[in-house]
Amino acid sequence: MYRVKPQSSQLTFSQVNHILKSNEYSYKVQAYDGKNLSSVIGFDSNLLPANVPSEDRRSAATCMQSRGMLFGVFDGHAGYACAQAVSERLLYYIAVSFLPAQTLIDIEEAVEKEKPVCPILQWHKHPNDYVNTESGKLYFNSLRNYWQELIDLSDVEEMDVKTALIHAFKRLDHDISVEAQVDFNDPFSHHTPLRVAISGSTACIAHVDGVDLHVANLGDSRAVLGVQNNDGTWSALTITNDHNAQNPDELRRVRSEHPKSEEKTIVKHDRLLGLLMPFRAFGDVKFKWSTELQSRIFENRPELVAGNEYAKILPTNYHTPPYLTAEPEVTYHRLRPQDKFLILATDGLWEQMHRQNVVQVIGEHLTGIHLQKPLSGLSLTLGQMHHLLTERKARASLGLEDNNSATHLIRHAIGSDEFGTVEYSRLLKMLSLPQELARMYRDDMTITIVQFNSHIIEAYYKETTYSSLA
């Protein structure tokens, strides 16, 4: 429900909508042989920056060898360099981890003979999503080294999905660390490997293949399922756990990995070593490298840390690194017909809205309740009915109805009052904040909403039941 209060301002209705919609992206899954065999109908995504430039990133791709789909949101800190690198690289590492040994051998032979390589991923990118071309060769060489090692290990072990996800995360973080210890790029580039490694990024990745949903989470972004109950109401099912001081299990894990003498210093003011909010992340080598390695690298590359106070300050009570891990927590969920959509979002969303409200807003949006609800079925006075009709007309004329569900959610996240009503004046105020003030009121917000095909999921269970009875 919207409450529109026009007021004089430098932003017009159309400008507000342009800001909200400029990064939105939608993708519908193609049908194969005349049928849509995927459990994913499609997805909507959007990104609303607060930092300039935004430190959030997103990724989505179809695995060409399996038709499974990968979705990810990434929340950077101490700059965007690490989030940018991870958003470009992690899905490749995951897809390669899934491939059978013979496919990897075929890829390696094609590269060796300089022949065309079968595609691994079909990317689904918005034109505004930045791609770092200057590090492409470095990234490819590291990925190739990884698949060569997987070929060597293929006779020893065959990874399941959970193991493959964990392996891919840890290997990419390892490569980020190794690359940063060698002088590869222009020292003044934003994407120099050392800049990538000094900054950090959380990651929340979903892999959907049929009814199998795996979510690998690192940090404090979240994955939440929208579940439609038998009576039509909506429930939120959180798939991930936050890796921060609010999670008692994470606190115990971090403290258990270090001597008892450090118990009171590892987490101070709800931050790792008093500095870092997430307890798991890519990059952030100042929480991983030894004191000696940090001193050697930073002394040899002073131009990269000049003016970067975050990089130059060694955490206090830094005795037994590493203090930070890039091992994700992987959760498995078998999709059910009542599971209608999955929301992946950075913490910028969850700081603004409760998960139940998020699911309610998206559930009603996707089912069209806000448009389909007939006025004749409501107990309204003539005046109230006139008010609702006027409001609907205003929303339509102002373009406040969003086709993209992620845009719709962002509009609610920053524009809703305490009753869940989107007020245009509030929306206008939040989007008109100067750059230096915006971050005080909200964080970068990145959202991907994956919509599931209930008919395909139902068919799977019927087929499974029939097979068991046959």
Open item on the list: I need the calculated FRET efficiency for the pair Lys260 and His354, taking r as the beta carbon distance and R₀ as 45 Å, to the nearest 0.05.
Closed with: 0.75
TODO: For every other residue with a beta carbon closer than 10 angstrom to the beta carbon of Gln246, add +1 if it is Lys or Arg and -1 if Asp or Glu, then tell me the sum.
DONE: -4
Task: Accessible-area ranking of Tyr92, Tyr27, Tyr332, largest first, probe 1.4 Å - done: Tyr332, Tyr92, Tyr27
- [ ] Starting from the residue with the highest accessible area, list Met64, Met69 in decreasing order, probe 1.4 Å.
- [x] Met64, Met69
- [ ] Pop a pseudo-label 7 angstrom from the Cα along the beta-carbon direction at both Val182 and His18 and give the gap in nm to one decimal.
- [x] 4.6
TODO: List the residues whose amide H sits under 5 Å from the amide H of Met445, counting only those 5 or more places along or on another chain, with H placed 1.01 Å from N in the peptide plane.
DONE: Leu48, Ala50
TODO: For Ala459 and Thr421, calculate 0.36 nm times their separation in residues minus their Cα-Cα distance, and state this gained length in nm to one decimal.
DONE: 9.9 nm
Open item on the list: Could you sort Phe279, Phe140, Phe419 by their accessible area in this structure, using a 1.4 Å probe and putting the largest first?
Closed with: Phe419, Phe140, Phe279
- [ ] Mind listing the long-range amide H neighbours of Thr238? Cut-off is under 5 Å, sequence gap 5 or more, other chains count too, H placed in the peptide plane at 1.01 Å from N.
- [x] Leu225
TODO: Work out the FRET efficiency for Ile105 and Arg296 from their Cβ-Cβ distance, taking R0 = 41 Å, and round it to the nearest 0.05.
DONE: 0.60
Open item on the list: Need the full-extension length gain, Lys162 to Thr238, defined as separation in residues times 0.36 nm minus the C-alpha distance. One decimal, nm.
Closed with: 25.5 nm
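The values are calculated or read from the model by the stated rules, or taken from the named source; none is laboratory data. None of these values were measured; they are calculated from a predicted model. FYI the Cβ positions are ideal-geometry reconstructions off the backbone, even for glycines, and counts take in every protein chain you see. We work out accessible area using only protein heavy atoms, side chains counted, and drop any ligands, DNA or RNA first. Shrake-Rupley method; radii C 1.70, N 1.55, O 1.52, S 1.80 Å.
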